[in-house]
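To keep things clear, I will list the structure first and then write my remarks on it.
Only the coordinates and a few stated rules stand behind these numbers; no lab work does. Nothing here was measured: the structure is a model prediction, and the numbers come from that model. Please note: Cβ atoms are built from the backbone with ideal geometry, for glycine as well, and neighbour counts cover all protein chains shown.
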Amino acid sequence: MSYFPFFVDLSDKEGLIVGGGAVALRKIEKLLPYGPQLTVAALEFAEEIEEMEGIRLLRRAFSPDMLEGKYFVIAAADDRELNRRISRLCGERGILVNVVDDRDECGFLFPSLVKRGRLSVGISTEGASPSGAVWVRKRLEKEIPENFDRILEFLDGKRAAVKSEIQEEKRRSRFFAELFDKCVKMGRGLTDEEFWDLLRGEAGGENGPEIGTELGTAEGRGTVYLVGAGCGEADLITVRGLGLLRTCQVLVYDDLIADSLLEEVPETAEKIYVGKRYKKHSMSQEEICGILIDKAGEGKRVVRLKGGDPFVFGRGGEEMEALEKAGIPCCLVPGITSAIAIPGMAGIPVTRRGVSQSLHIVTARTADTKDGLPEDLDRLAELKGTLVFLMGLNQLEKIAGRLMEAGKSPETPAAVISGGNAPHPAFVRGTLRNIAERMRKKQVESPAVIVVGEVVGTDISVYTEKK
């Protein structure tokens, strides 16, 4: 079965609950804030139900006539067969029914509920795990500001004024998003003076300032946030990065970003894909910088979302320099780099006491050398620590050869790992002597991380979380 989460107006709707115990009590407590006319039928009632106001009690056994005129029914009796009988009778009459602890007999499921004033969030696992729904509910409750209900009341009260002042739908939608974000950041609704200053600034005419003027810089320019998405699962992004995603107006994002992260972006935000893969570039670096400058120049809050960390061979420095030259404010939010995360998730720690006391992260794509490898690779070969090569899968044979030529033992442990959000995960261990051959036999595809050093002989995979 598949259950769609409709939000239904229960005000003054007739509802019947059969049962008078603790389960019935919980259902009543969830329903009453939504204003239904509840009838509760049972031979005995819990004391809390007896003392409740706003419900009608029928102290008698269930009978089919109780279903007359009911919009919904909840079968919460201690008698399983009675509950199933009620389900069948409701089905015959076209009445929505929920049967406690019997999913197959339900026409609708009761959600785990978060309610803060006008906000209602219903959470369901389709009966698979009520505990899972409760876990999600508790996480949500921690994320929602305490006075969120007051912010919603404020926003609802201003809708008419905003619609009157801003006729164009897209501008109005973006303004509502800005207004909401400002309220959340301030932890309250705006004063009348703050609200009208903000609204008049936006509604000054078709040629007036764009949204973001009041919330951005004095010149009305937006801000670009270079955000590292981490490497792999969506929850490896930082809390700060996730918060910026949820409030951005434009998202400019790379390849291999978890789909669930993209779903965190507001529906009104513009999404621009600029991913790069080996020999597959959607656009040049200059074009990407131009997009960032143009969108921020419109006064928008732009998130430039990069896999791993923006400054670990992510060309974040070039983008920050271009923004600085254009006078666009730019902020960095670091991320977990693949150079550490991919080996770690495969069970290889990049440093370890007594084994490796240094770590060098090396690019295998250097534009100004004959073989594309760094000039100082020979000196790196002399080190006893760990070498991690990024963007080097197609250079693996050259890398291993150069290191051995520089004196590194052919028996030095080496590994190739394609992980995170890579489309074809793979993990190969070997030595400098045979790692290229093993990689070819395993048909490992880019992107991949290459690790060279004694730590490759370590395996801590039993301690890494599997998803």
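Summary of computed values
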{"quantity": "Column: log10 I(q)/I(0), Debye, Cα scatterers of segment 149-202, q = 0.23 Å⁻¹", "calculated": "-0.87"}
{"quantity": "Whole-number D in µm²/s for segment 342-463 (Stokes-Einstein; Kirkwood sum over Cα pairs; 20 °C, 1.002 mPa s)", "calculated": "150 µm²/s"}
{"quantity": "Relative contact order (%) - criterion: Cα under 8 Å, at least six apart; region: the chain", "calculated": "9 percent"}
{"quantity": "Derived scalar couplings ³J(HN,Hα) [segment 56-71; Karplus, 6.51 cos²θ - 1.76 cosθ + 1.60; whole Hz; x for Gly, Pro]", "calculated": "10, 9, 10, 8, 7, 5, 4, 9, x, 5, 5, 7, 4, x, 8, 7"}
{"quantity": "Tally of Lys pairs whose C-alpha atoms are under 27 Å apart, taken over segment 342-463, 8 or more apart or cross-chain", "calculated": "10"}
{"quantity": "Nearest-ten-degree value, helix 169-186 long axis tilted from longest Cα axis of the chain", "calculated": "90 degrees"}
{"quantity": "Efficiency of FRET from Cβ geometry, Ile460 and Ala406, R₀ 30 Å, rounded to 0.05", "calculated": "0.55"}
{"quantity": "Highest to lowest packing among 149-162, 25-38, scored as the average C-beta count within 10 Å", "calculated": "25-38, 149-162"}
{"quantity": "Percent of beta bridges antiparallel (DSSP, segment 223-336, rounded to nearest 5)", "calculated": "15 percent"}
{"quantity": "Pairs beyond 30 Å (Cα-Cα), from Lys30/Lys300; Lys27/Lys163; Lys13/Lys170; Lys163/Lys295", "calculated": "Lys30/Lys300; Lys27/Lys163; Lys13/Lys170"}
{"quantity": "Degrees separating the helix 148-165 axis from the principal Cα axis of the chain, which is the longest one", "calculated": "90 degrees"}
{"quantity": "Computed E for Leu383/Asn434 - FRET, C-beta separation, R0 25 angstrom, nearest 0.05", "calculated": "0.70"}
{"quantity": "Share of alpha-carbon pairs per 5 Å distance bin for segment 84-210, given as whole %", "calculated": "2, 9, 15, 13, 11, 10, 9, 9, 9, 7, 4, 2, 1, 0"}
{"quantity": "All lysines inside 17 Å of Lys142 as judged from Cα atoms, apart from same-chain residues fewer than 8 positions distant", "calculated": "Lys115, Lys185"}
{"quantity": "Percent of beta bridges antiparallel (DSSP, the chain, rounded to nearest 5)", "calculated": "35 percent"}
{"quantity": "Pairwise label distance in nanometres, Ser446 with Ser63, each label 7 Å out on the Cα-Cβ vector", "calculated": "7.9 nm"}
{"quantity": "Fewest-first ranking of Met391, Met186, using other Cβ atoms within 10 Å as the exposure measure", "calculated": "Met186, Met391"}
